[in-house]
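These notes concern the structure reproduced below.
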Amino acid sequence: MTTRTLKTGAAAALLLSALVTPVSAAEAQTETERAELTNPLLYAIAWRQTAAEFRALYYQGFALAQLRVEQALAARKASAGNDTRALAVITDVDETVLLSGAYWGQLIAEGGDFFDDATWDAWVPNNEFVASPGAREFAAFCEANGVTLFFVTNRDQGEATFELALGNLRAAGFENVRAENLRVLRQTSNKEAVQAQIRSDYHVIASLGDNLNDFARRYYVTDVAEREALMHADAARFGADYIVFPNPTDGHWIRAIFGESEPAPTEANRQVLRAAAVGR
């Protein structure tokens, strides 16, 4: 009697396990899908990937940059001033003249919800960047008018970083970019020393970037309100010296929220991001 009861109990336990296990797996799958559908990158990347407005802002920015160059050329022609330095424009690379939408799509497809340096470094050599709308036309306009376009970027994919950046630009259609006009900073995101060196040899008409730190290091702060106050103080420079392009996914605005530019994908950081989004 005892043996039969144990066998019956074991059979019931097996039956219960068979019934419960598929439900638990389904629930786990549902939780995974729910997490993917609440990925905080979805709105930003969907906008980047599909919005005509996103592309229009690039056309607008490069049209404004071309206008500034035209004004500088006209002023140089009309004046016999003392400044005989050649004319130049300084531009950032990533998310300014090159767009990395394919990387962000891949990151989301793989379940990522925060920028990941390792996957970025593995993606860069694939040459999947595309030129931002209006960028190649602006580069060609500068070339045709004797205005030097300097590309200044901070990246670090090891010893091959410079050649990778040059290859990315050329693969995206900037065939005439010269190595001597490319500056790659591997150890720092502070571009001021390089910019100052360029300005010592050239009359720089304007700077282009998607990150305020592309223009001045003073924006490299870890306080949202302070960064905004600095921006307001420079209001007259935007559209003149500084031309800004949209980037809702990365940059030093992230550092102002988290205290670091590449926060880890933790639950605590997701809560920080949520608080920033709701204004708390």
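The values are calculated or read from the model by the stated rules, or taken from the named source; none is laboratory data. Please read all numbers here as calculations on a predicted model, not as lab measurements. All Cβ positions, glycine included, derive from the backbone under ideal geometry; neighbour counts span all protein chains shown.
The table that follows gives values for the structure above.
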| item | result |
| --- | --- |
| Test for Ala256: is it surrounded by 17 or more Cβ atoms within 10 Å (Cβ to Cβ) and among the aliphatic types (A, V, I, L, M) | yes |
| Which numbered condition Pro248 misses (of (1) surrounded by fewer than 18 Cβ atoms within 10 Å (Cβ to Cβ); (2) within 19 Å of Leu208 (Cα to Cα); (3) touching a Ser or Thr at 6+ places or on another chain (Cβ under 7 Å)) | (3) |
| Residues of region 179-229 satisfying the condition of being out of contact with any strand residue (DSSP E or B) (no Cβ under 9 Å at 6 or more places or on another chain) and basic (Lys, Arg) | Arg217, Arg218, Arg227 |
| The listed residue being without any contact (Cβ under 8 Å) to a residue 40 or more places away in the chain, more than 30 Å from Pro265 (Cα to Cα) and among the small types (Gly, Ala, Ser), out of Ala109, Ala144 | Ala144 |
| Among the candidates Ala171, Ala160, Ala179, residue that is hydrophobic (A, V, I, L, M, F, W, C) and surrounded by 16 or more Cβ atoms within 10 Å (Cβ to Cβ) | Ala171 |
| Test result for Ala236, in contact with an Asp or Glu (Cβ under 9 Å, 6 or more places away or on another chain) and of a type in the set (A, V, I, L, M) | no |
| Whichever residue in region 226-276 is small (Gly, Ala, Ser) and touching a residue at least 12 places away in the same chain (Cβ under 8 Å) and, among such residues, is farthest from Asp117 (Cα to Cα) | Ala240 |
| Residues satisfying the stated conditions in region 80-116, i.e. assigned to a helix (DSSP H, G or I), closer than 22 Å to Ser132 by Cα and not polar (S, T, N, Q) | Gly101, Ala102, Tyr103, Trp104, Gly105, Leu107, Ile108 |
| Condition check for Asn168: modelled with pLDDT of 95 or more, within 18 Å of the chain's Cα centre (by Cα) and among the polar types (S, T, N, Q) | yes |
| Glu226 being in the same structural domain as Val89 (by TED's automatic domain parsing), among the acidic types (Asp, Glu), outside any loop (DSSP other than H, G, I, E, B) and surrounded by fewer than 16 Cβ atoms within 10 Å (Cβ to Cβ) | yes |
| Search result, residues across region 181-200 that are over 15 Å from Cys142 (Cβ atoms) and not polar (S, T, N, Q) | Arg183, Val184, Leu185, Arg186, Lys191, Glu192, Ala193, Val194, Ala196, Arg199 |
| Members of region 153-190 found to be assigned to a loop (DSSP other than H, G, I, E, B) and either under 20 Å from Val89 (Cα atoms) or charged (D, E, K, R) (or both), listed by number | Arg155, Asp156, Ala172, Gly173, Phe174, Glu175, Asn176, Val177, Arg178, Arg186, Ser189, Asn190 |
| Tally, over region 62-116, of residues that are surrounded by fewer than 22 Cβ atoms within 10 Å (Cβ to Cβ), among the hydrophobic types (A, V, I, L, M, F, W, C) and either in contact with a Leu (Cβ under 6 Å, 6 or more places away or on another chain) or at positive phi (or both) | 2 |
| Members of region 44-55 that are more than 14 Å from Val97 (Cα to Cα) and touching a residue at least 60 places away in the same chain (Cβ under 8 Å) | Ala44, Ile45, Trp47, Arg48 |
| Which listed residue, of Ala206, Ala236, Ala264, Ala240, is part of a loop (DSSP other than H, G, I, E, B) and within 20 Å of Gly61 (Cα to Cα) | Ala240 |
| Single condition Val244 does not satisfy, out of (1) farther than 24 Å from Leu164 by Cβ; (2) modelled with pLDDT under 95 | (2) |
| Every residue from region 231-243 that is under 22 Å from Ala276 (Cα atoms) and surrounded by 15 or more Cβ atoms within 10 Å (Cβ to Cβ) | Met231 |
| Selected residue [among the hydrophobic types (A, V, I, L, M, F, W, C) and closer than 26 Å to Asp83 by Cβ] from Leu166, Leu185, Leu208, Leu212 | Leu208 |
